[in-house]
Amino acid sequence: MNVLFIEDDTMNRRVVSDMLDVAGATMTGAESAEIGLKLLDENDYAIILIDLRMPGMDGITAIKHIRARGDAKAKLPIIVVTADTAIDLRERCIAQGADDVLFKPVAMDSLFDAMGRMLAKAAGDGMIG
């Protein structure tokens, strides 16, 4: 399974990559939303993880770009990974097209649980064979 993680912080990308290695998943890291969207054009991913606060394009704007695509990638599961703790953040992210929200620091079991739910839902929706 290939995961795209759009996150400007190198250490956060490294930590999540190490977690995904444990599960046998491959992670492609993008240090900006713009690079992440380009990688999405060029590659196939099972899940997208995305930070909200990044220089340039923020995560919500990137999610809107992904959801507006005219192809199957528009329906990929998107999990926001953020340090933002606003009370209504989860609801706002879901309303903008995210499927789930995880708060930093992300625990491995929380990451795997969220990814498992997203993959099961995608399989049920016929997105994954």
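Quick notes on this structure:
- Of all residues in the stretch 77-129, those satisfying the criterion of being closer than 14 Å to Ile60 by Cα and part of a helix (DSSP H, G or I) are Leu89, Arg90, Glu91, Arg92, Cys93, Ile94, Ala95.
- The stretch 18-65, residues that are farther than 19 Å from Cys93 by Cβ, part of a helix (DSSP H, G or I) and hydrophobic (A, V, I, L, M, F, W, C): Met19, Leu20, Val22, Ile35, Leu39
- Residue ID - surrounded by the most Cβ atoms within 10 Å (Cβ to Cβ), chosen from residues in the stretch 22-49 that are of a type in the set (Ser, Thr, Tyr) and within 17 Å of Leu76 (Cα to Cα): Tyr45
- Against the numbered list (1) modelled with pLDDT under 95; (2) of a type in the set (Asp, Glu); (3) farther than 19 Å from Met11 by Cα, Asp41 comes up short only at (1).
- For the stretch 53-105, the set of residues classified as β-branched (Val, Ile, Thr) and surrounded by 20 or more Cβ atoms within 10 Å (Cβ to Cβ) consists of Ile63, Ile66, Ile78, Ile79, Val80, Val81, Thr82, listed by residue number.
- Summed over the stretch 89-104, the residues that are closer than 14 Å to Val16 by Cβ and in contact with a helix residue (DSSP H, G or I) (Cβ under 8 Å, 6 or more places away or on another chain) give a count of 2.
The values are calculated or read from the model by the stated rules, or taken from the named source; none is laboratory data. Given the structure is predicted, the values throughout are model-derived calculations rather than measurements. Using ideal geometry, Cβ is built from the backbone for each residue, glycine included, and neighbour counts are taken over all protein chains shown.
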